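Peer 1: A single structure is presented below for examination.
The values are calculated or read from the model by the stated rules, or taken from the named source; none is laboratory data. All of these numbers come straight from a predicted model, not from anything done at the bench. For neighbour counting, all protein chains shown are included, and Cβ atoms are generated from backbone atoms with ideal geometry for every residue, glycine included. Each accessible area value is taken on the protein alone, full model and side chains, heavy atoms only, with ligands, DNA and RNA left out. Shrake-Rupley method; radii C 1.70, N 1.55, O 1.52, S 1.80 Å.
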Amino acid sequence: MFFRFTRAVERKLAAGFYGLGRRVATRPCATLAAAVIFFGIFIVGWITSFEFESDGAKLYAPPDSRAQDIKAYIEANYRQPERMMYLLYVPAGQSILTTARLQAVRRLYTATYESGSFQATCSRASPSAPCDAISVGSLFGSPLPSAYDALLALSEPARLARLTSIEQSLGGAPALSTLLGGVVRAANGTILSARALKITYAVYESTPDATFKTFINAPTPAGLDFVVTRRTDRSVSFEVESAVSGDIVLVAVGIFLMIAFTLLALGKLSKIRSRGLLGLAAVFNVILSMVSGFGACLLLGIKYATINNMLIFLLAGIGVDDAFILVGAVDDVRRAAQVRGIRLSPTERVARALRTAGITITTTSLTDLLAFALGSISPIPAISIFCSYACVAIAFDWVLQITFFVACIALDERRIDAGRWDWCPCARTPSAQVAHDGYNDPVDELAAHGDPGIGMHSLALSEQQESTSSSSSSSSSSPSSSSSSSSLPRPPSSSSSSAGKQQQESSPPVSSSDDSPAASSTSSSSASASSGISPLNPPATGLSPLPSLPATDKAEFDHASDDSSAADDPGLISKFMDRVYTPAITSRTIGVAILLIFLGWFIFSVFAATQVKEGLDFRLLVPDGSYMLEAFDADEAFFADGFRVEFYATEPRPWHDPSVWRQLMALRASLLASPWILGDYGSWMPRFEAFAASSPLYSGSLDPATGIPIPQGAFYAALADFVDTNSLERDILLTTNNASLHSFRFALTARSVFDTADDKASMRAMRRACDDASLGILPYHPRHIFTEQYEVVVPGVVLNLILAAVAVAIVLPIMVKHPITAAVVLVMVGLVDIGLFAVMYIADIQVNSVSLINLVVSIGAAVDYSAHVGHAFMVLPGNVDRLQRTTFALTHIGKSVFFGAVSSIIGILPLALSNDDDNDDNE
């Protein structure tokens, strides 16, 4: 039942592609115009709907994560500034807190603070308030540069003592950990020196990029005896964009090399049979599919992301591979026709090639399409965008291959028959021209047969099976199989007579009633022993015999020209596959060795998959030599002790109620006791209690247990005075008339972690403490957005692999006609992907959204190439043994797969010269 169904599917597809091939080849110019116009329309999407997404938080983190929800709440209720930072440091053993160096720091601080670009965009507590900036000077009461005067007025010992006092009043050492780095302390905790100092300027999110770039590119004042590094919250995005822009030249070089390789692979050393112009058409076909496919996605509202640039090489590999298969199919048809003494018209050659090659490229395209379509439901937006673009572009490429490129092949075949030169079609060699009235297209016979044939390439034109001495020998040992045995015809030599080349039509057509490998008989083994399968020696199929040419026409067909040898030569790669690679790989000794090698690699890969770590080192995202590398190193060296985490009250509560206030203070105490929290970052609640206790207005109405004013009116009146006195309008949001507390935030200093597992543990511990308190308070830090991707990245890897396996399992058994072959292809895809984990382990590449996208790309390439070989293996009828199938698959499809893979590798190689380490790792 299954085999009958798959045969029926293949026959329907073969008939459909045969008819399509004839229609396209009959009217190639009209097909070309229609394809270019139709797909060209989608290019409008680049003009009318282009939107570029470069925000890493929106690309590489789940959109519905808790961190994203908190971020949305913050953006709706708080004006969240962005930062521009100086990080200054001195050599080991020295201090940046000396008077001379602090005077230089003040000049640097003032130059930026008083600049017009900063004053126009800075964050302020109120329109009349000074711009927000944080440095050691602001510890003395104001962000204004004049605050440094109070610091510089002190002697160096008094200055250090004052800084120690401020630090202790704010909760201890963690309070200054984001301002001073490399701090040396006395045994009693007094600050003795500091090697590094950080200055942070706050601007609003609406600030234009030019302000950030002006800050980054501003010249460093001369005469400074400390190192100045700069960074902003947009620096990584700027550097990624810069790296991508710098790689455009390398991408262009890669595309040029792919074009050159395609032309060399399709071309021959012949004026006529070279296919250089067809190679250009193949490249244009790929480019059109990408540009129009991407344009269609833009019209659908799917934003473009930098990661989509990787699709260029994946789609180029798939498209060029399909082009090689179509051209190879036409060449096989031409060679098989010459073997049989048949002259087919360009239309018939193209139709016969498409009826078999069309099924091959449909199998892989449909499998890739489903794999990427299922991958588009990934919870990580970058992967979803990548798969959506890949899905549409692959669909467009498939349609263009069977229309646009087939029309180009038809025109090229007409050119060859007319004896016209490849690169100069206006010139021709008359001796190579074929008379049009000499074509023998058995169209009526094919229609009467009702089946365009099962097989591929030269199978469509192979001879009817006939009895030979070798088959008789085989039948004597296996009488039951005598009717299905045959000798496989060899190509005629140039010295053979025309009559000797005539096909014999006395034997009836062979019935292909069972295409499963189980139908293989003993006689087929004997046949294969006496005659191998190669591009010049195609096996027999169940097609009805085609008419032979009269001797006079045959002589005309064999008329020698400067291109006759090119017509017969299957190519070096096919010869290598047929004469070297296939005999070697089918050898028992070499086969066992290969299996053992890959078994060892598989075991190592499984081990490596358990050792690969999660994480994303931002150093990999910036080019070599970037100023950000120095900033990253300095930040890690001097400010690795802690970072500020904010806690937001997102739900209304009766905060004036002493019992609720006790819960709030208990939560703060619980967080401070956590091993992931270093200390307080000047949270306002203890300060408010101290303010209320010291105020004559409220000290008489304090709750004895909590120290807050009661009742409700006194609490909110005291809180409003506290906010005004300390300029905390952006941290404590009171409702109209100060009747209640809408929201607030406080900050603690979290311990810096440099391992993804610790990062996740820290985030989970803070969230768990807040959830247990049930106060609607949630922790937030921008890094949580990226940390949260690791909650889904491993499940995302597994999900994408499973979905790809489902796509392969659905399509391939039907298209390749046997579940076992489909299972083998599925195993090969799995081996490729599991093997990539070993490569990641060896190259120390971490698992993250970027590397996951590369795994998705590998799924597409592995499915494409493996499915091609699997389909070619199963395309022969059931009376052909495995050795013949293997030989046929490698010699016919192996060349095209080889060219497709090599073209992709050649295109990617220039990126090895990229300054972007992430591109190097992705290779």
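Peer 1: Among the residues that make up the range 344-354, is at least one of them modelled with pLDDT under 85 and open to solvent by 10 Å² or more (accessible area, probe 1.4 Å)?
Peer 2: no
Peer 1: In addition: Which one of these does LEU266 not meet: (1) more than 19 Å from LYS895 (Cβ to Cβ); (2) among the hydrophobic types (A, V, I, L, M, F, W, C); (3) buried (at least 20 other Cβ atoms within 10 Å of the Cβ)?
Peer 2: Failing condition for LEU266: (1).
Peer 1: Report those helices (runs of 4 or more DSSP H) wholly inside the range 687-789 carrying at least 1 residues which are modelled with pLDDT under 90 and within 30 Å of LEU852 (Cα to Cα).
Peer 2: Passing ranges, in order: 756-773, 782-787.
Peer 1: Is it the case that the range 647-667 has a residue that's free of Cβ contacts under 8 Å to residues at least 60 places away in the same chain and hydrophobic (A, V, I, L, M, F, W, C)?
Peer 2: Yes, there is a match, as at least one residue in the range 647-667 is free of Cβ contacts under 8 Å to residues at least 60 places away in the same chain and hydrophobic (A, V, I, L, M, F, W, C).
Peer 1: Could you grab me the full set of residues in the range 114-129 that are within 12 Å of SER727 (Cβ to Cβ), of a type in the set (Ser, Thr, Tyr) and open to solvent by less than 60 Å² (accessible area, probe 1.4 Å)?
Peer 2: Correct list: SER126 only.
Peer 1: Just to check your reading of the model, which residue among ARG579, ARG644, ARG653, ARG662 is open to solvent by 40 Å² or more (accessible area, probe 1.4 Å) and assigned to a loop (DSSP other than H, G, I, E, B)?
Peer 2: One residue alone meets the criteria, ARG653.
Peer 1: Let me ask you something else. Can you tell me which residues in the range 139-166 are touching a Pro at 6+ places or on another chain (Cβ under 9 Å) and of a type outside the set (Ser, Thr, Tyr)?
Peer 2: Step one: of the range 139-166, the residues touching a Pro at 6+ places or on another chain (Cβ under 9 Å) are 142-144.
Of everything in the range 139-166, those that are touching a Pro at 6+ places or on another chain (Cβ under 9 Å) and of a type outside the set (Ser, Thr, Tyr) turn out to be PRO143, LEU144.
Peer 1: Please verify whether ALA637 is part of a helix (DSSP H, G or I), at pLDDT below 90 and under 30 Å from the mean Cα position of the chain (by Cα), treating the condition exactly as stated.
Peer 2: no
Peer 1: Let me ask something else about it. Any chance you could count how many residues in the range 588-622 are among the hydroxyl-bearing types (Ser, Thr, Tyr), modelled with pLDDT of 90 or more and exposed (fewer than 13 other Cβ atoms within 10 Å of the Cβ)?
Peer 2: 1
Peer 1: Suppose the filter is aromatic (Phe, Trp, Tyr) and crowded, with 21+ Cβ neighbours inside 10 Å; does PHE324 pass it?
Peer 2: Yes.
Peer 1: Let me ask something else about it. Could you run through the range 810-848 and say how many residues are under 16 Å from ASP368 (Cα atoms), open to solvent by 50 Å² or more (accessible area, probe 1.4 Å) and not in a helix (DSSP H, G or I)?
Peer 2: Within the range 810-848, residues that are under 16 Å from ASP368 (Cα atoms), open to solvent by 50 Å² or more (accessible area, probe 1.4 Å) and not in a helix (DSSP H, G or I) number 0.
Peer 1: Here is a follow-up. Looking at (1) open to solvent by 50 Å² or more (accessible area, probe 1.4 Å); (2) under 30 Å from TYR204 (Cα atoms); (3) modelled with pLDDT of 85 or more, can you tell me which one LEU88 breaks?
Peer 2: Here LEU88 meets the rest and fails (1).
Peer 1: Of all the residues that make up the range 201-215, how many are touching a Ser or Thr at 6+ places or on another chain (Cβ under 6 Å) and either β-branched (Val, Ile, Thr) or without any contact (Cβ under 8 Å) to a residue 40 or more places away in the chain (or both)?
Peer 2: 4
Residue-by-condition table, conditions (1) in the same structural domain as ASP731 (by the TED database); (2) exposed (fewer than 15 other Cβ atoms within 10 Å of the Cβ); (3) not hydroxyl-bearing (Ser, Thr, Tyr):
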{"residue": "CYS131", "(1), (2), (3)": "no, no, yes"}
{"residue": "GLY141", "(1), (2), (3)": "no, yes, yes"}
{"residue": "LEU151", "(1), (2), (3)": "no, no, yes"}
{"residue": "PRO157", "(1), (2), (3)": "no, yes, yes"}
{"residue": "SER169", "(1), (2), (3)": "no, yes, no"}
{"residue": "ALA186", "(1), (2), (3)": "no, yes, yes"}
{"residue": "PRO208", "(1), (2), (3)": "no, yes, yes"}
{"residue": "THR211", "(1), (2), (3)": "no, no, no"}
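Peer 1: Starting from residues that are assigned to a loop (DSSP other than H, G, I, E, B) and out of contact with any strand residue (DSSP E or B) (no Cβ under 8 Å at 6 or more places or on another chain), keep the ones in the range 92-107 and report whichever is least open to solvent (accessible area, probe 1.4 Å).
Peer 2: Top of the filtered list is THR98.
Peer 1: Out of curiosity, is LEU278 at pLDDT 85 or above, open to solvent by less than 40 Å² (accessible area, probe 1.4 Å) and not in a helix (DSSP H, G or I)?
Peer 2: no
Peer 1: When you scan the range 677-721, how many residues do you find that are out of contact with any strand residue (DSSP E or B) (no Cβ under 8 Å at 6 or more places or on another chain) and over 19 Å from GLU167 (Cβ atoms)?
Peer 2: 18
Peer 1: Can you list residue pairs whose Cβ atoms sit under 6 Å apart, with the first residue in the range 829-855 being under 19 Å from TRP601 (Cβ atoms) and the second being of a type in the set (Phe, Trp, Tyr)? Count only pairs 6 or more apart in sequence or on different chains.
Peer 2: ALA838/PHE604
Peer 1: Does ALA15 satisfy the condition of being open to solvent by 60 Å² or more (accessible area, probe 1.4 Å) and part of a helix (DSSP H, G or I)? Don't jump to the end; show me each part of the working.
Peer 2: Values: open to solvent by 60 Å² or more (accessible area, probe 1.4 Å): no; part of a helix (DSSP H, G or I): yes.
Answer is no for this residue.
Peer 1: Another question, then. Mind counting the residues in the range 190-206 that are open to solvent by less than 20 Å² (accessible area, probe 1.4 Å) and either part of a loop (DSSP other than H, G, I, E, B) or among the hydrophobic types (A, V, I, L, M, F, W, C) (or both)?
Peer 2: The total comes to 7.
Peer 1: Please give the number of the condition ILE585 fails out of (1) at pLDDT below 90; (2) surrounded by 17 or more Cβ atoms within 10 Å (Cβ to Cβ).
Peer 2: The number of the failed condition is (2).
Peer 1: Hey, could you check the range 29-85 for residues that are among the acidic types (Asp, Glu) and either part of a helix (DSSP H, G or I) or open to solvent by 60 Å² or more (accessible area, probe 1.4 Å) (or both) and say which is farthest from THR220 (Cα to Cα)?
Peer 2: Taking the candidates together, the pick is ASP64.
Peer 1: Would the range 748-760 turn up any residue that is small (Gly, Ala, Ser), crowded, with 20+ Cβ neighbours inside 10 Å and within 33 Å of the chain's Cα centre (by Cα)?
Peer 2: No - not one qualifying residue is present in the range 748-760.
To keep it simple, each residue is scored yes or no on (1) over 18 Å from ILE859 (Cα atoms); (2) among the hydrophobic types (A, V, I, L, M, F, W, C); (3) buried (at least 24 other Cβ atoms within 10 Å of the Cβ).
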residue	(1), (2), (3)
GLY375	no, no, yes
PRO381	yes, no, no
SER388	no, no, no
LEU400	yes, yes, yes
VAL406	yes, yes, yes
ARG414	yes, no, no
ARG420	yes, no, no
PRO430	yes, no, no
